[in-house]
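Throughout, read-outs are computed from the coordinates displayed, never taken from laboratory work. Remember, predicted model here, so these are calculated numbers, not experimental data. Cβ coordinates were reconstructed from backbone atoms using ideal geometry, including for glycine residues, and neighbour counts include every protein chain displayed.
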Amino acid sequence: MKSIKMIFVVLGAALICAGCVPSLRPFFTEENIVFNDALLGAWISDSGAKCLFTKSDENYYEFSYIDKTPAQFEARLIELGGVKFLDLYPQPPDNDNGLYLASLVPAHTLARVTIGEDSISIALMDDDWLRRLSDRNDLNLAHERLADRSIVLTAPTRELQAFVLSNANGKEAFGDAEVFHRLRPAR
């Protein structure tokens, strides 16, 4: 039963990131990290997905994302050129199988985030856009193409940041934002 639950957790995490771009290196350095208490709490999107931000340390959050199944991430809010982003890093699933865990390669995922008073919007970096850049040999950033044509970024953090800064406001770089609304406790 535990292994079936684990399969669903891993599949859920994969579905969450379907269409997102993994990076072997983080998108942040310590000087880019910011913390905003407005993110803390429970949120729900118009599509019914839920997420929860809790404070884990002085400079990062524990981020739970629940669509059909839950996935846990360490999330850092970062600011690059006045734009806020979330660097999401998956937490190991609750699985005692060492061979299985050794087969997973955790990676950072970047999302542009806009924080309102009672709403947040999260837009993941678009893998189709990066694939098109790579197909045209216009992706001047270290990366690998996998057998399924997906891209894994392998560039150092400073190069990732420069790339993100040069594309932060482009309509293509980040997909459509998912808007979440703050859940209020029932009175």
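As a proxy for reagent exposure, ranking 118, 127, 46 by other Cβ atoms within 10 Å from fewest up yields 46, 118, 127.
Taking the convex hull of the alpha carbon positions in segment 2-182 and averaging its projected area over all directions gives 10.7 nm². Taking Lys and Arg as +1 and Asp and Glu as -1, the other residues whose beta-carbon sits under 12 Å from that of residue 34 total -4.
Counting charges near residue 160 (Lys, Arg +1; Asp, Glu -1) among other residues having Cβ under 11 Å from its Cβ returns a value of 0. By the count of other C-beta atoms within 10 Å, a proxy for reagent exposure, 154, 29, 109 are ordered fewest to most as 29, 154, 109.
Overall, segment 2-182 carries a charge dipole of about 380 debye about its Cα centre when +1 sits on the Cβ of Lys and Arg and -1 on the Cβ of Asp and Glu, all other atoms neutral.
Other residues within the sphere of radius under 13 Å centred on the Cβ of residue 176, judged by their own Cβ, net out at -3 (K and R +1, D and E -1). A straight line joining the Cα centroids of segment 123-187 and segment 36-99 runs 17 Å.
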